[in-house]
Amino acid sequence: MEDPDQNPSSKGLQSAPKQRTLLYVEDNPANVALVAQLIARRGELKFLTAIDGDLGLLLAQTCQPAIILMDICLPGKSGYEVLKLLQEDPATKHIPVVALSSNAYAHDIAKGVAAGFFRYLTKPYKLDELMAALDAAMDFASARQLVE
């Protein structure tokens, strides 16, 4: 009988989960640093940032992230404008976009949900809500891949 410890082909059969990209579109360096620290705890996510809507749109189209976190108040195009362009592009319309905004009134949240954000989270972040939104978005992205 073959000893599995002596057979190199039997080692490492359980590979690490595939790393997926999270794009954070945010112009405030302090917010980027905070979210980067939180995402670093999640080994399955690679962190990518854009400081404005135009760069966020370009990175979404070229890098095809699994998830996008989007600030609403950005220089140039707003988060809403970028979301609309992402939704209109066949190459990016499948990507779940989670809004992270300081616009925290009930009407702001309702507007964000109506616009098509996957989730609308308000600043300051609640860690459990952010992680739950990321989990839901990852599940959604994985399910979309199985269908396509």
Name the pairs: first residue in region 72-85 and over 14 Å from Ala60 (Cα atoms) and part of a helix (DSSP H, G or I), second residue open to solvent by 60 Å² or more (accessible area, probe 1.4 Å) and modelled with pLDDT of 95 or more, Cβ to Cβ under 9 Å, at least 6 apart or on different chains?
Tyr80/Lys111
Which residues, taken from region 25-40, are closer than 21 Å to Ala60 by Cβ and hydrophobic (A, V, I, L, M, F, W, C)?
Val25, Val32, Val35, Ala36, Leu38, Ile39
Condition test on Ala33, is it of a type in the set (Gly, Ala, Ser) and buried (at least 18 other Cβ atoms within 10 Å of the Cβ)?
no
Could you figure out which of (1) surrounded by fewer than 12 Cβ atoms within 10 Å (Cβ to Cβ); (2) assigned to a helix (DSSP H, G or I); (3) at pLDDT below 95 isn't true of His107?
(3)
Filtered residue count, region 1-30, keeping only those that are modelled with pLDDT of 85 or more, hydrophobic (A, V, I, L, M, F, W, C) and either farther than 29 Å from Glu81 by Cβ or surrounded by 11 or more Cβ atoms within 10 Å (Cβ to Cβ) (or both):
3
I'd like the residue in region 113-148 that is open to solvent by 30 Å² or more (accessible area, probe 1.4 Å), part of a loop (DSSP other than H, G, I, E, B) and modelled with pLDDT of 95 or more and, out of all such residues, is farthest from Ala40 (Cα to Cα).
Gly116
Evaluate the following for Thr92: is it hydroxyl-bearing (Ser, Thr, Tyr) and in a loop (DSSP other than H, G, I, E, B)?
yes
Name every residue in region 17-45 that is in a helix (DSSP H, G or I) and aliphatic (A, V, I, L, M), in order of residue number.
Ala30, Val32, Ala33, Leu34, Val35, Ala36, Leu38, Ile39, Ala40
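The values are calculated or read from the model by the stated rules, or taken from the named source; none is laboratory data. Note that the coordinates shown come from a computational prediction; the quantities given were computed from them, not determined experimentally. A quick note on method: Cβ atoms are made from the backbone with ideal geometry, for glycine too, and the neighbour counts reach across all protein chains shown. Note: accessible area is taken over every heavy atom of the protein model, side chains too, but ligands, DNA and RNA are not part of it. Shrake-Rupley method; radii C 1.70, N 1.55, O 1.52, S 1.80 Å.
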